[in-house]
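Enquirer: Below you'll find the structure I mean.
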Amino acid sequence: MTYLEKSRKYFFKIVQNYNLEKENILVLANPLSAEEAIGKPGRRDYPIIEGKERILEAKFIDAKGHAFTDSAKEFSGNLQQILELSLDSNQNRAIYTAALNAVLNYLKIAKGTVHCKNDKPEKCAKDISKNLFEKYGKIKVGLIGLNPAIADELIDTFGEKNVMITDLNKDNLNKKRIKILDGHKFNQYLIESVDVVVMTGTIIVNDSFECLLKKIISLKKDYYVFGVTAAGMCNIFNFNRLCPYGTIE
């Protein structure tokens, strides 16, 4: 059973325990514009600003939950419908993940379910790089899923020779200060080659998380998941997470 399916069992129990399945409560998932999602950061090369990704925002009573996806789709329904969604597509996994984050936010089980804005994404990148350096020293770091601010900070901190990056978007390959490798081909090679793996929570939505985590565990590598998408899953399974400025609006 995958972690997503396990999380659904957990989600179902939570809904039952709080009698939420009996409530006529709507979960609304809407793709946000770039400015709604992350405000106006200084740099303009984030995938969401360039239009390659969107953030789905699920609203549950007075709580919100976000999930990044390249297949944004609006959804309106109740929690029972969310729990019955097939998780075999990026669209449905994004809706489910955003809803999970919103509900766990509402119940005060998960933190940092809403993306930070304005100058916070760049501060986040600096903090992540600083924290890794303070914990491990000058190591080789792998970044799975290109976040341009995090990539630049890792390169500045650890050096070009000590940073390896993969991404699934072929438009990003060879665009940065160091070569970006094709994640479809080189994710496992990256894991084998580095000391610590930093990976985007979007891998939960694009269905590559399971395979990557299995490889990381088999090689006994340290890892961290960054971003708001993984907020709920990291809380449920105690995955290592880095999200210094995620909020709980």
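Rule-based calculations on the coordinates, nothing more; no lab input. The structure presented is a predicted model; accordingly, all values stated were derived computationally and were not measured. Reconstructed Cβ throughout: ideal geometry from the backbone, glycine too, with neighbour counts over all protein chains shown.
Enquirer: Pairs to check: LYS120/LYS170; LYS9/LYS123; LYS59/LYS130. Give those whose C-alpha atoms are more than 31 Å from each other in this structure.
Expert: Numbers: LYS120/LYS170 27 Å; LYS9/LYS123 36 Å; LYS59/LYS130 33 Å.
Listed pairs above 31 Å: LYS9/LYS123; LYS59/LYS130.
Enquirer: Under a 5 Å amide H to amide H cut-off, with H placed in plane at 1.01 Å, what residues pair with PHE226 once short-range neighbours are removed?
Expert: MET199, THR200, GLY201, LEU242
Enquirer: Here's a follow-up. Please give me the summed charge of the neighbours of ALA94: other residues whose Cβ is under 13 Å from its Cβ, Lys and Arg +1, Asp and Glu -1.
Expert: Spelling it out: positives minus negatives among the neighbours equals -3.
Enquirer: Once phi is turned into ³J(HN,Hα) by the Karplus curve 6.51 cos²θ - 1.76 cosθ + 1.60 with θ = phi - 60°, what whole-Hz value does each residue of region 54-68 show in order, with x for glycine and proline?
Expert: Using θ = phi - 60°, the values come out as 10, 9, 8, 10, 9, 10, 10, 6, 10, 10, 10, x, 10, 8, 7 Hz.
Enquirer: Further question on the same structure: Within 13 Å, Cβ to Cβ, of TYR136, how many net charges do the neighbouring residues add up to if Lys/Arg are +1 and Asp/Glu are -1?
Expert: +2
Enquirer: Alpha carbon centre of region 102-124 versus region 185-249: separation in Å?
Expert: Distance between centres, Cα-based: 17 Å.
Enquirer: For the chain, set up a GNM with springs between Cα atoms under 10 Å and report which of ASN172, ASN206, ASN238 has the largest fluctuation.
Expert: Maximum among the listed residues: ASN238.
Enquirer: Counting only helical runs of four or more DSSP H residues, what would the 222 nm mean residue ellipticity of the chain come to if each run contributes -39,500 (n - 2.57) and the total is spread over all its residues?
Expert: Rounded to the nearest 500, it is -12000 deg cm²/dmol.
Enquirer: Moving on. Output the Kirkwood hydrodynamic radius of the chain, Cα pairs only, in Å rounded to one decimal. Before the final figure, lay out the partial values.
Expert: Values: mean 1/r = 0.0551 Å⁻¹.
After inverting the pairwise mean of 1/r, the radius is 18.2 Å.
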